[in-house]
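Take a look at the structure set out below.
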Amino acid sequence: LSMSEIWERLQRVKHLRLHTKELDGTASVRVEQPAPFCLLFHESGSWETGIAFTNLYRWTRFKEGVSLHHLRRGKAVLLFHFIDNVSVPHFCGKDCYTAGLSCSPEGILLSWQVKGPKKDTWGEYLYT
């Protein structure tokens, strides 16, 4: 799918299923659109252990793709910048972050991984 189609689907997200190397979880998602090319995902859910979590993410649409930031304590931390559904690799120290976006009949799948001396993990987030 094109970035325009992915952007359209992101605007309709209501739920999230998380599958990571360590844990699985589910969340509800409230989407807010404060500007035409900006979506805020307010996520509230729990891990399979019963531990609750909340997250706030910002998706930003650009001509060539989208970027995803985690909004933490008033700061936007870049997670991924996607061009043609594949992220531009970026480093945090010596750990390399990469990701991909794909669409399925169920929704949008964000698959990511972090590899390096401090981290070796991965996750799949299905937004529906």
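The values are calculated or read from the model by the stated rules, or taken from the named source; none is laboratory data. All values derive from a computational prediction rather than experimental measurement. FYI the Cβ positions are ideal-geometry reconstructions off the backbone, even for glycines, and counts take in every protein chain you see. Please note that ligands, DNA and RNA were not included when accessible areas were found on the heavy atoms of the full protein model with its side chains. Shrake-Rupley method; radii C 1.70, N 1.55, O 1.52, S 1.80 Å.
Computed values, structure above
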| item | result |
| --- | --- |
| Looking only at the stretch 1-58, and only at residues there that are among the acidic types (Asp, Glu) and open to solvent by 60 Å² or more (accessible area, probe 1.4 Å), the one that is nearest to Lys119 (Cα to Cα) | Glu22 |
| Cβ pairs under 7 Å, 6+ apart, first in the stretch 11-37 and in contact (Cβ under 8 Å) with a residue 40 or more places away in the chain, second of a type in the set (Asp, Glu) and open to solvent by 60 Å² or more (accessible area, probe 1.4 Å) | His19/Glu124 |
| Every pair of residues 6+ apart whose Cβ atoms lie under 8 Å, when the first sits in the stretch 101-128 and is basic (Lys, Arg) while the second is open to solvent by 50 Å² or more (accessible area, probe 1.4 Å) | Lys118/Gly93; Lys118/Lys94 |
| Number of positions in the stretch 20-79 that are closer than 22 Å to Asp120 by Cα and of a type in the set (A, V, I, L, M) | 5 |
| Search result, residues across the stretch 114-128 that are farther than 17 Å from Gly45 by Cα and buried (at least 17 other Cβ atoms within 10 Å of the Cβ) | Val114 |
| Subset tally (residues that are open to solvent by less than 30 Å² (accessible area, probe 1.4 Å) and either of a type in the set (Ser, Thr, Tyr) or at pLDDT 95 or above (or both)) for the stretch 71-90 | 1 |
| All strands (runs of 3 or more DSSP E) inside the stretch 1-70 with 3 or more residues being small (Gly, Ala, Ser) | 24-35, 38-47 |
